[in-house]
Structure formats: C-alpha cells, structure tokens
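Below is one structure, written out as structure tokens, with a few remarks after it.
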Amino acid sequence: MIVFEARNSYELLVSFLFGKNLMACDGEKVAIMGLNIDKCLNVSAIADCGIDIQMISAPRRKLGIKLLTRLMRHQTIKPWLIKRVFLFHEISPLLLSRLFGAEINVVEHGEINYRNIRHVYANLSGFHPYPLLKRLLGQYFVGDGRIFSSIYLKDPTGSPPALRHKVLPLRLETYYDALNADEKSALSLAFRSNLNNFAYAKAKYTLVTQPFSELGIMTETRKIQMYRSIINAPDCDLMIKPHPQETTDYTRVFPGATILDQTVPFELTWLSGCRNTIIYTVNSSVGRMPGMNVVTLGDSYLNEFKH
C-alpha cells in the first residue's frame, strides 16, 4: 500500500497524478489522505479512478488524532500495511508508519523545497517553531533528515547540493499525458472545472501571484503596485492565477483580465491545454515545472517593493 497525505488542492492533484503513475509502474494500491480540503472538491471522481481517497475534516489540533483513528479503522490502510508514504510536509502522523518499516518520502510543496528554511521564514512575521526545531536538529532543508528516503522535485537540478544524492524528478507532465480520457475527465470533475472549454486558453500572458501581503512580507498596496508593474500589456491579454491564501480582489486590480479559480492548481490549468501562455511569477515554484515558458523575476524584484 502506498499512501499520500494532501492538505490542499495542489497536493491532491500531485498525489493523484503521481499515484496513478506508481499504480501503473509498480502495481501497488494507492490511497490519499486528504486533510481539510473536501469543501471545494468533488473527490468521488478521483475514487472512481481506482485510488482510495479518504477525506478528513477536523480542527487543526485534532486533525492528527482523527487521521490516526481513520487509519486504524480502515481495512487496508493500517499503519503496519503501508509500504511507502509520500508527504508534502515533514511533520505528519503518517511518520508513525516508519516504526513498521515503511519508506518515507518527501514531495515538492513549493519554493521552500529549494531553499534554506531559515531564510524562507526570515521574511515572515510572527514566531514559527518549525525552523527553530530544524535548526536544533542540525537540519536546514526540507527532507534532509535520515528518516526521509527520497525527495521528489519538479526541478532536481535546482535542489540544494546537500540533498541531491536522494533527489528524484517529479514529472507531472509525463504523468498527466499518460492518463486516459476518462481519468482526465475525472480531474475535471474533481476540481469542478471544465478543462475542455477554457475561455482563457488564448491568454498571451499569465501572472501567478503569491500571498505576500497576507504573510506580512509587504503591504497590500505595495503588492498591487508590484504586480501592476510586471506586464505591460492590455488586461484582455492577461490571465491571473491567485494563490489560495490571497484575499486580494484582482477583478478590481485587473478589470479586463481573466481571473482563475483560486482552488484549481495552475499546474492543472497548464497541463489541460493552456501550454502556450507566457507565465510571469516573482518566485513561485510553479516556474520550476519543465516545459513551461516562465519568466521568474526573483527575490531582487521582490525586495524593490518590500519597503
């Protein structure tokens, strides 16, 4: 049994694509434990593709206990029956399956997988115990603990040198293209998106935004100024993909642009037929996906608007 833990729609998409690939290659059964992400998704469509998907909703402090309870009561996903675990976050109740010999792997969550954790959290306001815990353990990158066997990244060449001995490629485009028509339709149903009739498929430019103001990195006004300065083109040629954590009303910022659904991962938008658009981002890891025509502006551009 192979088990993925997914905490948002992007992680659910990757779990489905990667899981279907593993099923085809290894013949193993695959299960996805979806944590607090069922409100906006039609997950039964994924279950129809042969993946056992368990959706768990609970307050954050009780989520781990509820997950373990579900595992113990399930007929086939018990901790001692799990052979491989794939996590997008290092801290999870599924780590307990390691006690029974399960292999624990890390899958790319975002740009944090390519950077020193201390540097990532240095820009965020408030106290965060995770980087402090990693530092006390003498670890500086996601997945560098001995408990993790492999790290799957979209851009293995961009991984920290200290981790490259256990980094493997995450080939989402290959996984998607290998799906049959029914499985692609299932993704459409799962994310409640009509992937065969994208009105935005003709957009020349796509701006993938990030929650810089919501995380306290800059003010809302400065974030809007930054994004307005990136692309010098009519709004009608522009498509905006907001981050799920953002609260910015981009219909006011870009009145003539096409605003994508926050809950649909941009990777799915691109894979399902929007592969000709030029994508702009500040430092989102979406730009690390092979095959995308991406302009990544980088931290220096971000720093110009932070103050």
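For this structure, a couple of remarks:
- Contour minus Cα-Cα distance for residue 168 and residue 61 (0.36 nm per residue): 35.3 nm
- 0 to 90° range, to nearest 10: angle between helix 181-190 axis and the chain longest Cα axis: 80
- Label point at residue 235 placed 7 Å out along Cα→Cβ; residues across the stretch 254-292 whose backbone nitrogen lies under 15 Å: 254-260
- Straight-distance candidates among the aspartates and glutamates for linking to residue 29, with alpha-carbon spacing under 14 Å and chain neighbours fewer than 8 residues away dropped: 48, 52.
- Taking the chain and dividing mean pair separation by its residue count, relative contact order in percent (alpha carbons under 8 Å, at least six apart): 15
- Taking the helices alone, the chain has a mean residue ellipticity at 222 nm of -8500 deg cm²/dmol, built from -39,500 (n - 2.57) per DSSP H run of at least 4 residues and averaged over all its residues.
- Length available on full extension from residue 219 to residue 42: 0.36 nm per residue minus the Cα-Cα distance, which gives 60.2 nm.
- Reported label for calculated P(r) over Cα pairs in 20 Å bins from 0, in percent given (i) 31, 60, 9; (ii) 29, 45, 24, 2; (iii) 28, 41, 26, 5: (i)
- Fully extending the segment from residue 72 to residue 252, taken as 0.36 nm per residue of separation minus the present Cα-Cα distance, adds 59.9 nm.
- FRET E, pair residue 25, residue 275, Förster distance 30 Å, beta-carbon r, rounded to 0.05: 0.75
- For the pair residue 184 and residue 157, label points projected 7 Å from Cα toward Cβ lie 2.8 nm apart.
- Peptide packing for 289-295, 241-247 was compared via the average number of neighbouring C-beta atoms within 10 Å per residue; ordered from the highest value, the list is 241-247, 289-295.
- Summary of packing: across the peptides 97-108, 203-214, the per-residue average of other C-beta atoms within 10 Å ranks them, highest first, as 203-214, 97-108.
- Close amide H partners of residue 280, meaning residues 5 or more places away or on another chain with modelled amide H under 5 Å apart, are 206, 207, 208, 295.
- Just checking the listed ones, 288, 164, 73: in the Gaussian network model of the chain with Cα springs under 10 Å, the one fluctuating most is 73.
- Take 280-287, 173-180, 222-229 and order them by the average number of nearby Cβ atoms within 10 Å per residue, most first; the result is 280-287, 222-229, 173-180.
- Between helix 60-73 and the chain there is an angle of about 40 degrees, using the helix long axis and the longest principal axis of the Cα atoms.
Throughout, read-outs are computed from the coordinates displayed, never taken from laboratory work. Keep in mind that this is a model prediction, so the values were computed, not measured. Cβ sites come from the backbone with ideal geometry, for glycine too, and all protein chains shown count toward neighbours.
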